[in-house]
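Nothing in this text is a laboratory measurement; each read-out follows from the coordinates by a stated rule. Remember, it's a predicted structure, so these values are computed and weren't measured experimentally. Cβ atoms come from the backbone with ideal geometry, glycine included; neighbour counts cover every protein chain shown.
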Amino acid sequence: MLALVVALLVVPVAGGQLGGLAQEQVDPDTVVLQVELQADGDASWAVHYRTRLDDDNTTAAFESLQADVSADPTAYTADFGDRMNRTIATAENATGREMALRNLTVATETEALPQEYGVVTYRFEWTNFAAVEGDQLRAGDAPSGLYLDEESTLRIDWPAGYERTSVDPSPTRSDEQTVAWDGRLDFESDEPRLVVSESATAGETTSGAGDGGGDAWLLVVATVLAAGGVVALLWANRRYGIAGGAAADDGSETPDGAAGEATAEDTGGDPSPPPELLSNEERVLQLLDDSGGRLKQQAIAERLDWTAAKTSQVIGDLRDEDELETFRIGRENVVTLPGVDLASDVGEDDES
């Protein structure tokens, strides 16, 4: 298992010329792994690598990356598809379920929050990812060692008509059809686990997820990290002029058709990306932007359904990065985006 993970993490580079990459590599600011379970056990995956476009060099690098992905998407999907096929083959052997990778694509876009972000997204179908047992879908039972860093989120959605029967560990947030875990998080042995059932009387517990996904979680996270390395490297090539643009052939052949048909999209941007794809910091900034740039700290906690301690920590981090400002007015802490007039009348949102 360790050897496999190490192999997945090794990202070959064309020509082997890394230049000053170690000092200047541009990494995604957030990575979101989004899994949509289907009633037949298949899963639709989307892996979003999001980087803040906060200076001219990074913006120009992303625009160049968009053009390259549009011109030759296969250069960005071939290595990812090869690694995913090996990952899926290992999971198939471990679970005894026939699995396959389908419809792999890559796309780029920009998102307009209070700050602009460039996003690279891989999408694919993983057949038989979850075990189907009667009226239940079982996903998980990953081995110990699965780790989400502070920039990563794992989200799992399930079909309408199902309800959560068990989940372990407790998710960072959830709703009727979603659970999500935000890093930094070290999963224990046999985590994460999720069971959903068609039964209308299913009660939530914290155990009993069974032998659903086997090694799938650990392996796919390793593959995602490898792909993130490729994205970061190619981004660094554009930003700093480092030689060796795309991932090189590592000597293994991708099975014919296994990676699916690669496509690319360049869009003008989505002004309101789904909140589940945002980091905690981005959710605060978007909330402020949607509220005229100013809110009481208590209102932020209530809107996001956070504890006071978590809200204070996130706001403190943003303040340290000069992304927002805080002021004490009477007994209230007021949070504003930079440049917002503090002397303006308190709006309805601030009265929360």
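Descriptive notes on the structure:
- Sequence-separation-based contact order of the stretch 58-114, relative, with Cα cut under 8 Å and 6+ spacing, percent: 40
- Loop-located chymotrypsin sites (Phe, Trp or Tyr not before Pro) in the stretch 62-117 whose Cβ has at most 14 other Cβ within 10 Å (DSSP): none
- Förster radius 22 Å - calculated FRET efficiency between R173 and E150, Cβ distance, rounded to 0.05: 0.90
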